[in-house]
Structures are given as structure tokens and as C-alpha cells.
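A short worksheet on the structure shown next.
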Amino acid sequence: MPEELAPLTVRDLKAYDTADNGRPFLAVVVVKKLAGKTASNGNPFFSAELGDRSGSFSCTVFGDSPAFEVLKTAGEGAVVRLEGKVDFYQGRFSPRLGKVVALSESELGAPGVLENLIETAPENAEALWTEFQGFIDSLAHDELRLTVRAVFEEIGDTFRWSPAAVAMHHAYRHGLLEHTVHMARACRALLPLYPEVDADLALAGILLHDTGKAIEYEGTLATKRSRRGILQGHVVLGYQLTRKAGMRAKLDSDRLERLEHIVLSHQGEPEWGAAVYAATPEAVFVSMIDNLDARMGMVQRALRQAQPDGEFSERLPGLSSPLLTKPLPPAKVE
């Protein structure tokens, strides 16, 4: 591999097309996922997801490749410098890896390295947190406000930087905070249309609905589920946080039950992780706003990562479709 090659971002790499097959490249990426599998002939291989702040890609690393042992030793969350050649599989960028070297702690500390690897929410995190605190303060019901405040006194630092998912939506640093603030904004905008919904209860439910994710997810450069996340899941973990805080705040039993129900039902469908179906006006309201912002979060991220001359994104699993990313032409002004 020629030494003069400059490292490329994932966005740069995805700008290549099949006419560039075999082109050598250099990149510095995070090992986001590393799934060990066995081929039909009995040989081991990895299905790997590698990425930086501009996006990610998947590739297959076979057991006889020198990269296999390096990735096996480095593991998920490691940062590696890789040399490879451009290739595509079923129309998606899926390079052939050559030399792979794990970066040392001192190399990770070099200026700009981590900043180029960690994807963060596009909005300022401090401004989002200030706005979030304002939503808590706006709750008029005293015990409800104390309940919400108590939960974030316990998990606030982790909540502020946590992603909202491993892969589906707002899956980046501060993504959980961004997702929750966006939902709270939508709540404020939509509440006048639905007077049947108790405003304080709905807003409190939105602020608490995903708090279990602060416990479910762990990892600095690559997000994975924790032991408690695997064994209990964020819906149950959020319910536990809410119930404990509500009882300490002496929230009346009816409101506490309804607040718990919002957390337990916000995923919408049991196959999506909901413990129960939404069965109160506030729970239905919160579940629908959650679904809206999750899907629009996928849209916003795909648009941010779109190639300038591209027309469609890759297929987005959460939307079951590629997304049209080509901008709408400006309207003609007569």
C-alpha cells in the first residue's frame, strides 16, 4: 500500500462506485460490531461493521485473512487503521480488507483522531440539556415534577451522552437527549389539538420513556447492550426507575400507575419491545410521538450522510426502504 495515501472517511469511501473496484484506500475506523460466524464449509469468519462519525459500512472478514486475528484480538470498540481495496456486495460498499492495525492509546490521543470517529448529535449538547431542564421545570404538578427530577438526579450524566439506540435511530453520542428533546417539542406543539391528554402527565412520560436506555447501553466508541440491558431491557429498567422515584416523591397512586404505563407501552407493539399496548390517552399520544421522531431521526441522519450527487440512501431497516435524498428543486417564482 503506497505510503502517500491519505486516510479517507467512510463518507469518502461510500462516494466510490463499481467503476472504482480494486482501488486501494486507507482509513481509520471504529470496530462497531464484530459477529463471529461459521461458513458452510466449517471455516470461521467475521461479519464486521466499521465506521467513523460520517457513517459506517459492513464487510466480511474470513478466517484465513490476516485481518481476522487482529480484529479478534482488538474486539468491538477498538480503533483500527486499515488498508483495503474498494469492492461492492449486492450494490453496497463492502471492501476487501488487507492490512489492519489496532491503534495504541497514544495514537488515539493524537489531535483530531477521536473527534473524527465519534458521531454526535448535530445540535449543541449543552443547549439541549438546558432546554431539557426547562421542560422538567415546566411541569406544574409538584410530585410529578419531583418524580422526574429524581430520575435524572440518578442517571443524568449518563443520559446526557448516551445514544438512543445501537443502530436504528439517534444512534450516536447525545442521541438519547436529542430524541427526548425533539419529542418534548412535538408534545408542546400537538397538545392543543388533543385536550383529552393531560399535559403534565404526557410531558413527564416523554421525559422518562427511554430512561432505561441509560442503563441498557454501554461503551464509549461502540455501543453495546449491558448485562442488565440484555436480561431486562430498557422498558423494564425505565419502569423501575420511574416507580422508585414516584414512590419517593409520594406521587399519588393513580398518576404513578399511568406514568408507569406510558413507560411500559411506549414501544407501541410487543414485537417492538412494548410490555403492554398503550391503553390511556397519554400513553397513545406518547407512543405515536416516539414512533414519529424515531422515524424522522432516521430520515435526518440519512440526509446528513447523503452523497451530494446521490439520489437514494442505502436501505434503512427501520423504514424498510431506501430514502430519496436528492433535494427537491426550488419552486419557480413568477
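Values in this text are rule-based calculations from the coordinates and carry no lab data. None of these values were measured; they are calculated from a predicted model. Cβ coordinates were reconstructed from backbone atoms using ideal geometry, including for glycine residues, and neighbour counts include every protein chain displayed.
Among the GluC sites (Glu not before Pro) within region 70-164, which fall in a DSSP loop and have no more than 16 other Cβ atoms within 10 Å of their own Cβ?
123
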Legend entry - Between region 87-125 and region 214-237, the Cα center-to-center distance that results, in Å: 23 Å
Legend entry - Distance cut-off 13 Å, percentage of C-alpha pairs in region 217-257 lying past it: 60 percent
Inset, instruction - Could you state the angle between the C-alpha long axis of helix 233-248 and the longest principal axis of the C-alpha atoms of the chain, as a value from 0 to 90 degrees rounded to the nearest 10? - result: 30 degrees
Legend entry - Nearby lysines by direct alpha-carbon distance to residue 213 (threshold 19 angstrom, same-chain neighbours under 8 apart not counted): 32, 33, 224, 244
Inset, instruction - Would you calculate the separation in nanometres between label points at residue 269 and residue 244, each defined as 7 Å from the Cα along the Cα-to-beta-carbon direction? - result: 3.3 nm
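Please compute the volume of the convex hull spanned by the alpha-carbon atoms of the chain and report it per residue in Å³.
Details: hull volume 61.1 nm³, N = 334.
Measuring per residue, one finds 183 Å³ for the Cα hull of the chain.
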Legend entry - Using alpha-carbon coordinates, inclination of helix 253-265 to the longest axis of the chain, degrees: 20 degrees
Legend entry - Cα centroid separation - region 286-301 against region 36-58, whole Å: 28 Å
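Stretch residue 190-residue 227 to full length: gain in nm at 0.36 nm per residue minus the Cα-Cα span?
Details: separation 37, 0.36 × 37 = 13.32 nm, distance 3.72 nm.
Extra length from residue 190 to residue 227 when fully extended: 9.6 nm.
Below 8 Å between Cα atoms, with a sequence gap of 6+, how large is the relative contact order for region 125-301 in percent? Intermediate values should be presented prior to the final figure.
Values: 271 pairs, mean separation 41.3, N = 177.
Dividing the mean separation by the residue count of region 125-301 yields 23 percent.
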Inset, instruction - Return the percentage of antiparallel bridges among DSSP beta bridges fully within the chain, rounded to the nearest 5 %. - result: 95 percent
Legend entry - GluC sites (Glu not before Pro) restricted to region 182-272 and DSSP loop, no more than 12 other C-beta within 10 Å: 196
Inset, instruction - Working from Cα positions, state the angle (0 to 90°, nearest 10) between the long axis of helix 142-161 and the longest principal axis of the chain. - result: 10 degrees
